[in-house]
Amino acid sequence: TSFENKWMLNYTGRGALQSKLKTWIGTDENKLFIEAHLEKAESSREHYDISALYSRNVAEFWDVQAGARYRQDQRKISEKQQVDVQFGIRGLAPYFFETEAYLYVGKDSQVSMSLELERDILITQKLITQPYMDATMIISDDSKYAKKTGLSSLQAGIQTRYEINKKVMPFIDLAYSYEN
């Protein structure tokens, strides 16, 4: 289980809270993954999603996953709750890049993709820097609140953390964020 909680400030001084929970249970070959994401900007309503995925090991360091994602967006007036089918791969790419790539298919021809890449670089045994990228692309969307196709969001940055122990790791994160 891992839980990450970020309080971020943009260049105008407005804050936002981002939380991410990942937990899994099972063996090396078969796992059940539960993932949850919460985003809440200052003076706006929250957006969150929860995924339940069956994960099957298909190659050394690579899993194929399938499941469902429930998402709720309080910023919308109607259709706040939706369920998507989710397919993806998760593993360790060459040069030790931790990779997560997912395809989401929902009602009203909502099809999107997400890609997360990150790599740990040890400065010392306890001081670690981690460049990362998190991108979401809309392939198609015919819903009432349709977004343009193409790059929907991008967050790229570098996080530096100090591992006090395996449970407590304070960090500083400098990132660029784009939202369409």
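Assorted remarks:
- Pairs linking a residue in region 1-15 that is open to solvent by 70 Å² or more (accessible area, probe 1.4 Å) to a residue that is in a loop (DSSP other than H, G, I, E, B), with Cβ atoms under 6 Å and 6 or more positions apart or on different chains, are 14/42.
- Out of 6, 40, sole residue that is over 14 Å from the mean Cα position of the chain (by Cα), modelled with pLDDT under 90, within 28 Å of residue 168 (Cβ to Cβ) and in a strand (DSSP E or B): 40
- Unique match (being out of contact with any strand residue (DSSP E or B) (no Cβ under 8 Å at 6 or more places or on another chain) and hydroxyl-bearing (Ser, Thr, Tyr)) among 124, 160: 124
- Matching residues, region 62-90, being of a type in the set (Ser, Thr, Tyr) and surrounded by 13 or more Cβ atoms within 10 Å (Cβ to Cβ): 70
- Qualifying residue in region 91-102 (condition: open to solvent by 60 Å² or more (accessible area, probe 1.4 Å) and either under 18 Å from residue 47 (Cβ atoms) or β-branched (Val, Ile, Thr) (or both)): no
- Looking only at residues of region 43-61 that are of a type outside the set (Lys, Arg) and open to solvent by 70 Å² or more (accessible area, probe 1.4 Å), we find that the one that is nearest to the chain's Cα centre (by Cα) is 50.
- Filtered residues of region 105-142 (kept if open to solvent by 50 Å² or more (accessible area, probe 1.4 Å) and among the hydroxyl-bearing types (Ser, Thr, Tyr)): 109, 124
- Failed condition for residue 31, given (1) charged (D, E, K, R); (2) in contact (Cβ under 8 Å) with a residue 24 or more places away in the chain; (3) open to solvent by 60 Å² or more (accessible area, probe 1.4 Å): (3)
- Between 26, 15, the distinction of being of a type in the set (Gly, Ala, Ser) and in contact with a Phe, Trp or Tyr (Cβ under 7 Å, 6 or more places away or on another chain) belongs to 15 only.
- Answer from 126, 147, 107 - the residue that is modelled with pLDDT under 95 and under 25 Å from residue 8 (Cα atoms): 147
The values are calculated or read from the model by the stated rules, or taken from the named source; none is laboratory data. Worth saying up front: this structure is predicted, and the values here are computed from it rather than measured. Every residue, glycine among them, receives a Cβ derived from its backbone with ideal geometry; neighbour counts consider all protein chains shown. The protein model used for the area step is the full one, side chains on, heavy atoms only, and it has no ligands, DNA or RNA in it. Shrake-Rupley method; radii C 1.70, N 1.55, O 1.52, S 1.80 Å.
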